[in-house]
Structures are given as C-alpha cells and as structure tokens.
C-alpha cells in the first residue's frame, strides 16, 4: 500500500529541497528501488521521501561478505525465518520487521559527501527530533556505546540509566559527473522487542565468527519513551500513524 502523507508541493525550507511527495509503503526492502531513487535525483533532480517498513530479517552492509562464515550464516538464519539482506551503506548489522519504521530521503544536497555528509545527517536527525518532540519525546544526537550499528548521528533519549538509542542513521551516495545524490536513511525503534532484536544481531555476529556484540540496554523504543514522557501512561493505539504524520509535517517545514 502506498499513501501520500503530504502534498507533493511541500518543501523543506531549511534544506532547500522540494520533495516529490512523502510516501508510506509497506514491506519495502529493495536496494534496486533505492538506486532508482538516486538515479531519479541525479538525472531529473527529483527528491523523494519515503516512510516504510519491511518484513522480519537482518540487514548487513556489503562488507560483511568478507567473513568466511557469511554464506553459511545467511542460510541458517534464512531457514529460521530471519533472512539476511545486504545494503550499500556502511555500519553494522541491523534488524528489520514489525515495530520498526524506516525513513529514506533520496536527493541532491548540492555538494560532495566530504562537504555535505554531516549536514545531511544533521538535517535528518533534526527532522526526526522535531517529529518526536511533537509526541513529547526529547531526543539528542550522539553515539550510544553497545547499540547495534552505532554512530555519531544516532538519536538518543536520556533515561535514569543513561542515554538509550531510539533511532539510527546511515547514508549511501552516488554521482554522475560533478553531481552527487544521497540516500539518507533512518531506522526508528517504534515498539519492537529490543531484547529479541539484539539477541538476533548478536547471534548473527557470533555465527560469522565476529567478536562484535551488542547490548540490549543500549537501545529503547519510542513507545517506551512515550510512557516515560507521559507519567507512565500507555501510548496511544495509533502511535505509529501519529509518528508518520509528524515526520511528514516536519519534512514539510
């Protein structure tokens, strides 16, 4: 199901980007589609914003193919109902599935990665922070040690136990001559079982013979943060719908 959340004419004033609609898609996890979005940005200048979810599984960067046990691990996890897919951006293994929400922005930011990468991350994080702020959830950008696919541009919430990651971000760039396009991506932990997700990520790393391990206590969910921000009240039943609408509104400026 595809749904346009805001009119195509909506724009992001702070980034100078005019989006070709902000879409909602179910069960999208297709690297070829993302490359098509980048080509559309490079050739026609089209900027695309897509909110999407994906079937259950794990997603690893292409660099993971260098592990000797990669093919066997993928076969075992696929047989157990956790298929492994590859992505072009860097980082580490991340889960996909119910209770997780993705935002992908494909556009030409007006410069090369060395000049624009941090600004692209900052814009993505600021958009999400604004949307979460409308839900009463205060976030900040930082690395959270022990979280899967950790990076400088995580979104985190401050809890009594310290910072907890609530969203992670990544980028992938393509170029055509002097023109550059970026796919800026965020994975938001909406209301998933973070213990299970971390367990699966650790099991996959172990199957590869990797020493990398993740800590379930380093991450939290938007649903949990909502409870903390609203005196322990249960989150609304339409929390996912509200979040999608607020992200669309934040992108619309």
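Read the figures in this text as sums done on the coordinates, not as results from a lab. Remember, it's a predicted structure, so these values are computed and weren't measured experimentally. Note: ideal-geometry Cβ built from the backbone for every residue, glycine included; neighbour counts use all protein chains shown.
What to note about this one:
- The fewest-to-most ranking of 199, 161, 191, 34 by surrounding Cβ atoms within 10 Å reads 161, 199, 191, 34.
- Between residue 56 and residue 122, residue separation times 0.36 nm minus the direct Cα-Cα distance comes to 20.9 nm.
- Just so you know, the Rg over Rh for region 123-253 is 1.01, from Cα atoms, with Rh as the Kirkwood radius.
- Cβ-Cβ FRET estimate between residue 67 and residue 152, R0 fixed at 30 Å, reported to 0.05: 0.75
- Alpha-carbon Debye profile of the chain, log10 I(q)/I(0) at 0.10, 0.15 Å⁻¹: -0.47, -1.09
- Proxy reagent accessibility, fewest Cβ within 10 Å first, across 89, 63: 63, 89
- Förster radius 30 Å - calculated FRET efficiency between residue 211 and residue 241 (Cβ-Cβ, nearest 0.05): 0.15
- Each residue, residue 143 and residue 175, gets one label point 7 Å from its Cα in the Cβ direction; the gap between the two is 2.6 nm.
- Among 240, 80, 218: highest mean-square fluctuation, GNM of the chain, C-alpha pairs under 10 Å: 80
- GNM remark for the chain: springs join alpha carbons under 10 Å apart, and the peak mean-square fluctuation among 135, 86, 196 falls on 196.
- Equivalent-ellipsoid semi-axes for region 48-124 (Cα gyration tensor, √(5λ), whole Å, largest first): 28, 17, 8.
- Residue 195 versus residue 43: modelled label distance in nm, points set 7 Å from Cα along the beta carbon direction: 5.0
- Choice from 131, 122, 72 showing the highest fluctuation, given a GNM over the chain with Cα pairs closer than 10 Å: 72
- Ordered by the count of other Cβ atoms within 10 Å of each Cβ, fewest first, 163, 193, 32, 118 give 32, 118, 193, 163.
- Estimated FRET transfer efficiency when R0 is 25 angstrom, pair residue 26-residue 227 (beta carbons, to 0.05): 0.40
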